[in-house]
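Handing you a structure now.
The values are calculated or read from the model by the stated rules, or taken from the named source; none is laboratory data. In this text, all values refer to a predicted model and were calculated from it rather than measured experimentally. Cβ placement follows ideal geometry from the backbone for every residue including glycine, while neighbour counts extend to all protein chains displayed.
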Amino acid sequence: MENSNNFAIEKKGRNIWEIPKKGNMQVPAIIYASDSLMEHIKQDKTIEQIVNVAQLPGIVKHALAMPDAHQGYGFPIGGVAAFREEDGIISPGGVGFDINCGVRLIKTNIKKEDLTPKKRELLNILFNNVPAGVGSKAKIRFTDDETKEVLEKGASWAIKQGFGWKEDTDRMEENGCMKADPNDVSDRAIARGKPQLGSLGAGNHFLEIQAVDGILDEKAADAFGVTEKGQIVVMVHCGSRGLGHQVASEYIRKMEDAFGIEGLPDRELINAPLESELGKKYYSAMSGAANYAWSNRQMITHWIRESFEKVFGRSAKDLDMHIVYDVCHNVAKMEDHTVDGEKMSVCVHRKGATRSFGPGRAEIPEIYRAYGQPVIIPGSMGTASYLLVGTKKAEEVSFGSTAHGAGRVMSRFAAVKKFRSEKIAGELEAKGIMIKSASWKGIVEEAPQVYKDIDEVVKVSHDVGIGNLVARMVPLAVIKG
């Protein structure tokens, strides 16, 4: 069939679509989507963007769009691509402006019935303890030197300052730190990040108290510590705030100045050769911003634990508030993958996508290695979120990647025009979901109606085999920026 952009799309199997290599494409493009999700994907420039990605130098195997894919800057959100080390590129448009926007899941041993009478009190304390909203400032002020240390050391820096437990880093992607030189991050980026460290921010960022609604893989769920229906967990979704945005903006300009846009299918795909000095500096700066994001989520985790301690009168250790896992959504990383039978080191760009490694990979924490990597896929407020497990199939077909969320079907501008915050909040309250937000606009922009069906997104991931279902969680209380 032909879509509105006149790209030939071939259905290769259930939930698998291919745009064959044609013209300037170096590789074919693959889209993982059900028929209904594909109808959403065809409404914007997602298909055009993934075809553009397939034209970039050094790309291997195929360009990929995940089930939650939608139009983004350069790459579609939900876009995945890998590039050879020797002649490939790195592109800020393939990482995103909110570098290491990611999700963390924290378990507890609290039951839903024990939370219910304390829910409003807990929500209010969390809202007071965790800064949220556009331009929100953190509770603690840091120096330039301290911020640079964050860029270098990531989550371990926050733990050393008393924000968490030593074992927390065992349950984070990259153990909460990538190698970075703070000198590759500008003074302007540091100035933007310094007052925001330890804050939720706005947009689609949230803090959510959830109850386990169903166990779908008892073996993996037990290994991950999510063991029974009604168990309370906490999910945090945030990233590198203004610092990450500044890093992306500056390196886009630097790459345009150094290499120009001639020959690019889209100027938003500006890039630098991986082996170039500028490419290496961006990778370092991006890694520093990723470290900032891990430290940011670590500080928020500390204040979540303190809030639970105050409400339940027990220590966070007694409440078993261990991190299940922490995953990145927007990042580029050097990884070993097998491509056409050859093992090679490639730079995997995941833009609005989650790493989904199967059992045995050395990158997975030892406690989970026999089962596969925990994969966390949040829904929109008012809908379910999911815990999945990575697979060997994902390593074979998607560079160990799957979806990262529900994926938008409506712009924030359109949502503000169509919905009213009081109505959305009322609908959530009617479902038993309490909400507190730093702005009414934030509620409207992130209304459940502006997102794809999360149940359908994770079903595609499971059916294709790039991330298998483990547990379903439903929201009880939500904090939005």
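Name the single residue, out of those in the stretch 110-169 being at pLDDT 95 or above and at positive phi, that is farthest from the chain's Cα centre (by Cα).
Gly162
Looking at Glu456, Glu396, which is the one that is surrounded by fewer than 22 Cβ atoms within 10 Å (Cβ to Cβ), under 15 Å from Leu37 (Cβ atoms) and not aromatic (Phe, Trp, Tyr)?
Among Glu456, Glu396, only Glu456 is surrounded by fewer than 22 Cβ atoms within 10 Å (Cβ to Cβ), under 15 Å from Leu37 (Cβ atoms) and not aromatic (Phe, Trp, Tyr).
On to the next question. Would you mention how many residues in the stretch 307-325 are in contact (Cβ under 8 Å) with a residue 12 or more places away in the chain, in a loop (DSSP other than H, G, I, E, B) and buried (at least 21 other Cβ atoms within 10 Å of the Cβ)?
Counting residues in the stretch 307-325 that are in contact (Cβ under 8 Å) with a residue 12 or more places away in the chain, in a loop (DSSP other than H, G, I, E, B) and buried (at least 21 other Cβ atoms within 10 Å of the Cβ) gives 1.
So, Ile376, is that one of a type in the set (A, V, I, L, M) and touching a Ser or Thr at 6+ places or on another chain (Cβ under 6 Å) or not?
Answer is no for this residue.
Something else now. Are any residues in the stretch 425-467 of a type in the set (S, T, N, Q) and at pLDDT below 90, and if so, which ones? Even if it seems obvious, please write down each step before you answer.
Going residue by residue through the stretch 425-467, those that are of a type in the set (S, T, N, Q) are 437, 439, 449, 461.
Scanning the stretch 425-467 gives Ser437, Ser439, Gln449.
Check the stretch 456-477 and report whether any residue there is in a helix (DSSP H, G or I), touching a residue at least 24 places away in the same chain (Cβ under 8 Å) and under 12 Å from Gly382 (Cα atoms).
no
Exactly one condition in (1) surrounded by 23 or more Cβ atoms within 10 Å (Cβ to Cβ); (2) within 24 Å of Glu85 (Cα to Cα); (3) not small (Gly, Ala, Ser) is false for Pro265; which is it?
Of the numbered conditions (1) surrounded by 23 or more Cβ atoms within 10 Å (Cβ to Cβ); (2) within 24 Å of Glu85 (Cα to Cα); (3) not small (Gly, Ala, Ser), the odd one out for Pro265 is (1).
Something else: Quick check on the stretch 186-195. Is at least one of its residues more than 19 Å from the chain's Cα centre (by Cα), part of a helix (DSSP H, G or I), farther than 17 Å from Ser287 by Cα and among the small types (Gly, Ala, Ser)?
Among the residues of the stretch 186-195, at least one is more than 19 Å from the chain's Cα centre (by Cα), part of a helix (DSSP H, G or I), farther than 17 Å from Ser287 by Cα and among the small types (Gly, Ala, Ser), which makes the answer yes.
While we're on this one: Between Ile159, Ile140, which is surrounded by fewer than 17 Cβ atoms within 10 Å (Cβ to Cβ) and of a type in the set (A, V, I, L, M, F, W, C)?
Numbers: Ile159 fails: surrounded by fewer than 17 Cβ atoms within 10 Å (Cβ to Cβ).
The match here is Ile140.
Restricting the stretch 34-74 to residues that are of a type in the set (Ser, Thr, Tyr) and more than 21 Å from the chain's Cα centre (by Cα), which is surrounded by the fewest Cβ atoms within 10 Å (Cβ to Cβ)?
Checking each candidate, the answer is Ser36.
Could you give every pair whose Cβ atoms fall below 6 Å, whose first residue belongs to the stretch 213-242 and is touching a residue at least 12 places away in the same chain (Cβ under 8 Å), and whose second residue is acidic (Asp, Glu), counting only separations of at least 6 or pairs across chains?
Going by the 6 Å Cβ cut-off, the qualifying pairs are Met235/Glu208; Gly239/Asp98.
Among the residues of the stretch 96-126, write down those that are out of contact with any His (no Cβ under 6 Å at 6 or more places or on another chain), over 17 Å from Val236 (Cβ atoms) and assigned to a loop (DSSP other than H, G, I, E, B).
If the condition is that a residue be out of contact with any His (no Cβ under 6 Å at 6 or more places or on another chain), over 17 Å from Val236 (Cβ atoms) and assigned to a loop (DSSP other than H, G, I, E, B), then Gly96 is the only one that fits.
Give the stretch 46-95 a look and list any residue that's of a type in the set (Asp, Glu) and not in a strand (DSSP E or B), or say none.
Answer for the stretch 46-95, where residues must be of a type in the set (Asp, Glu) and not in a strand (DSSP E or B): Glu48, Glu85, Glu86, Asp87.
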